[in-house]
Amino acid sequence: MARWLPRSTDLSRFCQKLNRLKTLEDDMMETSFNRCLSTIDLTLLGIGGMVGSGLYVLTGTVAKEIAGPAVIVSFIIAGFASLLAALCYAEFGARVPKTGSAYMFTYVSVGEIWAFLIGWNVLLEYMIGGAAVARAWSGYLDSIFNHKIKNFTETHVGAWQVPFLARYPDFLAAAILLVATAFISFGAKVSSWLNHVFSAISMGIILFILVMGFVLAQPKNWSTQEGGFAPYGLSGIMAGTATCFYAFVGFDVIAASSEEARNPQRAVPRAIAFSLGLATGAYILVSVVLTLMVPWHTLDPDSALADAFYRRGYAWAGFLVAAGSICAMNTVLLSNLFSLPRIVYAMAEDGLFFQVFSRVHPRTQVPVVGIVVFGLLMALLALVFDLEALVQFLSIGTLLAYTFVAASIIVLRFQQQNRDVPAPVASGQPNPEPHEGPSGGELKEYESFSDKLKLVDRDKSKEQREPGQLKAAFEPYLEFLSDFYPGEVVTVAVVTLMVSAICLCSILVFGNTHLHLPTWSYSLLLVLFSLGFLLSLLLIWAHEQQHSTQTFQV
């Protein structure tokens, strides 16, 4: 029996394999994809991923049920929080211009097992999210025709009452996904062109909504007679922020497309900044217009914008809003179907998925197998499943992906850089030592003050510490940490930081309500987790990080 038990060396080797890091090629610009996307292409892809049905539905829902007109503040805070996450993606996208988004970033900095988990989280997030958007697209189009499609399907095909299954098969949602899959498989240039068309129509309609909305604006709708600007107070604003945050989750399509960008070091950070800025501006301005056109407490949560124009006597504008909503949902579908096969391709390339998905079509230069297979799976999900319950779990995937990317940035900053080996001298003779003079053996005399300054600078550079090592000022106090491998203490500190933050937030939110903690234990836990949080920050700060690189840094 004992001989079947694994030995400690086998377990150690297994754990090392689980945590091994991905090594990148010397030339990271070399790829089997077609590098054809410009900064504008990436920016419009990002806008398409973010400005979807949320602009037409989410604004009204949050304004009426959660925050009131202060939904504007909710979008500002959510946009700022998303910007912080987006800048982390921008640094990685510029530094590691490879497809795979959060999966790839985690693999090169944290380890294989974590990358595997994040990869599958992102895959499920894209699949469920894309299928849910397709069903919303179908429902929105059906509502324009007084639900004739739904009634026809239920009458001639049938309806069923089964848990987790939709009430009726949604053929329209499946069809739009199959059509989008066909277009995506033609290549990145075709996908980008199609996204341009839908984004242009969507932005044109948003511009019309803003101009028309400000003409019809009535400042009295923010007055105290209508409940005021922030009827639900600060708690309503923050609850609205939590909901509004998911309006911005589409920007990672830019990071996933970095292997198809012409100049990813410049294009990826710029595209992320531009797209997030434009999307945040659109959400804020539409919220202002919506809550000024009609009183916030009379909004229709399902179709707030169309209903607001209808009630002000402009029923024809409702059709334009509906067209804009459908175009916006098309761009989100394209964004999901564009990103998903590329993450699958990255996992297959690393041996963490079936190798067939790593094949790139020689003509279109896209992973056609991944596009077709996952397009069909997404269409099947939209056809028969009720996705309302599953959509609630999307926040878990987003939380994990953003957290690991942000943590990976810190870990990578404190890892030692691979130094290039200096090229040998052409003549074959060894380089002279810095202290040798023209004669080769005599010490050079430092006669001028500038020469002495150069000597001091050279001595300082010799003393310069590697990334991940303790700073000289902290060494006398934290000498026991010098024995650890460079960067190891920072990794542990980052994990402690995350755990302390989660526990601290949980105690603050649930301590007095759900957990019913006595005052002394509530205070003690707050102090302990606050100390853990601050100590982790101090330990990270006490170590040397990598010096500025040529690519974008947060």
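What pairs come out if I take residues in the range 244-255 that are more than 10 Å from VAL268 (Cα to Cα) and pair them with residues that are modelled with pLDDT of 85 or more and open to solvent by 10 Å² or more (accessible area, probe 1.4 Å) whose C-beta lies under 7 Å away, six or more apart or interchain?
Listed by first residue and then by second, the contacts come to PHE245/ALA81; GLY250/GLY49; GLY250/VAL332; PHE251/GLY49; VAL253/GLY49.
For the range 90-109, give me each residue that is among the charged types (D, E, K, R) and part of a helix (DSSP H, G or I).
GLU91, ARG95 - these are the residues of the range 90-109 that are among the charged types (D, E, K, R) and part of a helix (DSSP H, G or I).
It is to be established whether one or more residues within the range 219-239 are surrounded by 24 or more Cβ atoms within 10 Å (Cβ to Cβ), closer than 20 Å to LEU83 by Cβ and under 28 Å from the mean Cα position of the chain (by Cα).
No, that holds for no residue.
Looking for whichever is touching a residue at least 40 places away in the same chain (Cβ under 8 Å), open to solvent by less than 10 Å² (accessible area, probe 1.4 Å) and under 26 Å from ALA94 (Cβ atoms) here; the options are LEU24, LEU37, LEU55, LEU44. Which one fits?
Exactly one of LEU24, LEU37, LEU55, LEU44 is touching a residue at least 40 places away in the same chain (Cβ under 8 Å), open to solvent by less than 10 Å² (accessible area, probe 1.4 Å) and under 26 Å from ALA94 (Cβ atoms), namely LEU37.
Could you list, in sequence order, the residues of the range 281-299 that are surrounded by 22 or more Cβ atoms within 10 Å (Cβ to Cβ) and closer than 17 Å to SER199 by Cβ?
Answer for the range 281-299, where residues must be surrounded by 22 or more Cβ atoms within 10 Å (Cβ to Cβ) and closer than 17 Å to SER199 by Cβ: ALA282, TYR283, VAL286.
Restricting to the range 509-554, what's the tally of residues that are surrounded by 12 or more Cβ atoms within 10 Å (Cβ to Cβ), more than 25 Å from CYS88 (Cβ to Cβ) and aliphatic (A, V, I, L, M)?
The number of residues fulfilling the criteria is 6.
Is there any pair linking a residue in the range 151-162 that is surrounded by 10 or more Cβ atoms within 10 Å (Cβ to Cβ) to one that is hydrophobic (A, V, I, L, M, F, W, C), with Cβ under 7 Å and at least six apart or on different chains, and which?
Close Cβ pairs (under 7 Å, with a partner that is hydrophobic (A, V, I, L, M, F, W, C)) amount to THR153/PHE171.
Can you spot a residue in the range 138-145 that is closer than 21 Å to GLU260 by Cβ and open to solvent by less than 50 Å² (accessible area, probe 1.4 Å)?
The answer is no; no qualifying residue exists.
Kindly indicate the residue of the range 72-121 that is open to solvent by less than 10 Å² (accessible area, probe 1.4 Å) and β-branched (Val, Ile, Thr) and also farthest from TYR246 (Cα to Cα) among those meeting that condition.
Among those that are open to solvent by less than 10 Å² (accessible area, probe 1.4 Å) and β-branched (Val, Ile, Thr), it is VAL96.
Looking at the range 128-179, which of the residues that are over 15 Å from LEU376 (Cα atoms) and in contact with a strand residue (DSSP E or B) (Cβ under 8 Å, 6 or more places away or on another chain) is modelled with the lowest pLDDT?
PHE164
Listed residues VAL369, VAL344; which is among the hydrophobic types (A, V, I, L, M, F, W, C), open to solvent by less than 10 Å² (accessible area, probe 1.4 Å) and touching a Phe, Trp or Tyr at 6+ places or on another chain (Cβ under 7 Å)?
Answer to the check: VAL344.
The values are calculated or read from the model by the stated rules, or taken from the named source; none is laboratory data. Only a predicted model underlies this, so the values are computations on that prediction, with no experimental measurement involved. Neighbour counts run over all protein chains shown; Cβ positions are idealised from the backbone, glycine included. SASA here: full protein model, heavy atoms, side chains in, ligands and nucleic acids out. Shrake-Rupley method; radii C 1.70, N 1.55, O 1.52, S 1.80 Å.
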